[in-house]
1. Name the residue farthest towards the positive end of the dipole of the stretch 23-175 from the options THR35, ALA92, ALA74, assuming +1 on Cβ of Lys and Arg, -1 on Cβ of Asp and Glu, about the Cα centre.
2. When 1/r is averaged over all different Cα pairs and the result inverted, which Kirkwood radius in Å belongs to the stretch 315-355?
3. How much of the accessible area of the stretch 57-140, probe 1.4 Å, is carbon plus sulfur, in whole percent?
4. Pairs LYS68/LYS202; LYS79/LYS268; LYS228/LYS523: which are spaced more than 28 Å apart, C-alpha to C-alpha?
5. Sort the following peptides by mean Cβ neighbour count (other Cβ atoms within 10 Å, averaged over residues), highest first: 127-139, 310-322.
6. Hey, can you find the accessible area per residue of the stretch 28-139 for me, probe 1.4 Å, expressed in square angstrom?
7. How large, in percent, is the carbon and sulfur part of the accessible surface of the stretch 159-297 at a probe radius of 1.4 Å?
8. How far, in nm, would the chain grow between ASP180 and ASP256 when pulled straight, counting 0.36 nm per residue and subtracting the alpha carbon separation?
Amino acid sequence: MRHWGKYLALWGWVGGALWLMAMVSAPLARADDPTYRILHDSWTDADERGYSEFITAIGENGCNSINKCLHSTANPFAKTDPPGTVFFSDCADLPYYLRAYYAWKRGLPFSYISSVSPLGRTNDIRYTARGNTIATRHDVLTGSVTGMTLLSTLRDTISSATYRLHPDMEGTDLYPVHIDRKAIRPGSVLYDPNGHLAVVYKVEDDGRILYIDAHPDNSMTHGTYGRKFVRSSPGMGAGFKDWRPVTLVGATRAPDGTYTGGHMEFAKNADLPDYSTEQFFGNGERPADRQWASGGFTLDGQLVDYYDYMRAMMGGGSLAYDPIVEVRNMVRANCDDLKYRGEAVDLAIAAKIQLKPQPDRLPQNIYGTDGEWEEFSTPSRDARLKTSFKELRDQVQRFVEWHAAGDKRIVYQGANLQRDLLQTYDTEAAACSITYARSDGSQMQLGYEEARRRMWALSFDPYHCIERRWGASGPEAATCRDGQVKTAWYQAEQNLRNQIDRTYDARMNFNLAELKQGPGPGKGVAAPPDIDVRAYLIAVIAHPPVIAPAQPPAPVPPKGSPAPLPSTSKPRTAPPAPAVVPKAPPAPPAREEPKKPSSEPPPTASAVPSTAAVATTQGAAPAQTPAAK
């Protein structure tokens, strides 16, 4: 129990001590009995705090797979698991996997959605345009299963489709929450409608939300919430969610304290103090579902961008950016993501995927598939990485322009913001390096700026040599052993590498001749976006923006009618995906009546504003979809 002492400060010494006493005295699952036993008929506030502590400990441990995390000192229950136990989870499983593990060890009620049915027609239930509905549910009762069998079942049952539910729906495992520090906390779940999941493990004082996420290769990474997690129409169910309170009803309590039989009942939305749909509709009057993006976010009498509103509310209620600190944190986060990518590429190399022949065609969709491509390719991971680099570039421009306009949201006391930003960027970039072993075993080191320069050359294709996976050219690429066919494929995939949007609606199973025809639907774009922070700062140092007097607050328009969002890039869209077979088929879907295709617009991107003009409240982003189950 020593590990938990450092977390007492989260709610004070008295509350923490009481929780520790409860952890010691409360009955736990016996180490020699792997059967799931329910010892408590509901989760108490102390149980929820304990779960948050459990997740925080895992997030701060630094472990890079769920297996290592649950075998580490971060897990107070690790010694109750039999020797040789192996844990495995990818992104969609992770929230359920961790929740079920904790519930098993603490003897708490657990139930899960075992299958969903699509609302309307779809080629892939994970990316339905209108979302899904609950088809079947499974209550985990005493003696019905062992804990490890439950975890294995969840791996084969839960997919990102499980989370794609309308926020008004009752009886869900998770529910959407109010945007504040009390509701979004360690253990909260974050769903990207592009098919990716994460679990919050910490909220910083400045409002940054830190998360852990898992991947098909069983790796686990850490990240900071940002625009790579997109908003969506309500039916797609994006955003932050908490676990719905569940109570075991009608059970019999045995003399040893075990509850047998009964069934699970769930709290109603109206009975949940932190239930809210504001992530979808804004903090004003709720618009109709089809007009969800018109919902506004108002802060201190001004309309603000959704992501700014999120940052302000999670930071205490006011929006203030220290540009120097922001750039420092963002470069470090990008550096971490580059290293995580390196670990993923190394796994593909270790599996010798690069030595296999190049397939005759790409998968039906490179972002959502299965098999070797899902496990060892990196198109979705690379797209999120590129989005983060672009967000940094756009944020720097926004900071400079806000400062020039005298915007009070910028906290800076120096003499020359542009020069200080450049110095900070260069210092952090110089501290970041990535090393990989070329095909002949020789070591190659890349700096942050070099990785940024070759970002659009990084191959996502697992059948390519490691030099191409890292965008090498010239002498560095001389050790690559790819033949003419793989070289042709690498060249033909350039337009796909230029694209940061994950388009699941597009057919992508092209052969080489088709891909060579150039950019187009499913084939990528001709030119990538600008991610060069140094070039921008050098330009504004040479030609400084005019320092303008502070502008008066923008008038707040009628509720539900926010102003347009200034943008540095063209809005992006991504409707639902083409046919992909989920990892495991759900139970037979509920019968549905034929429906006309939905005319509801797909989610749209919210680029960072590039001017000091009013930021709007919609902040909607496209369904950019990482490869997930």
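The values are calculated or read from the model by the stated rules, or taken from the named source; none is laboratory data. Here the structure is a predicted model, which means the values were calculated and not measured. Counting neighbours? That spans all protein chains shown, and the Cβs are built from the backbone with ideal geometry, glycine included. For the accessible areas, the whole protein counts, side chains as well, though only heavy atoms, and no ligand, DNA or RNA atoms are used. Shrake-Rupley method; radii C 1.70, N 1.55, O 1.52, S 1.80 Å.
1. Final value for the positive-end residue is ALA92.
2. Computed over Cα pairs of the stretch 315-355, the Kirkwood hydrodynamic radius comes out at 12.8 Å.
3. Using a 1.4 Å probe with all protein chains present, the stretch 57-140 comes out at 52 percent carbon and sulfur.
4. LYS79/LYS268
5. Sorting 127-139, 310-322 by mean packing, highest first, produces 127-139, 310-322.
6. On a per-residue basis, the stretch 28-139 sits at 33 Å².
7. 50 percent
8. 23.3 nm is the gain from fully extending ASP180 to ASP256.
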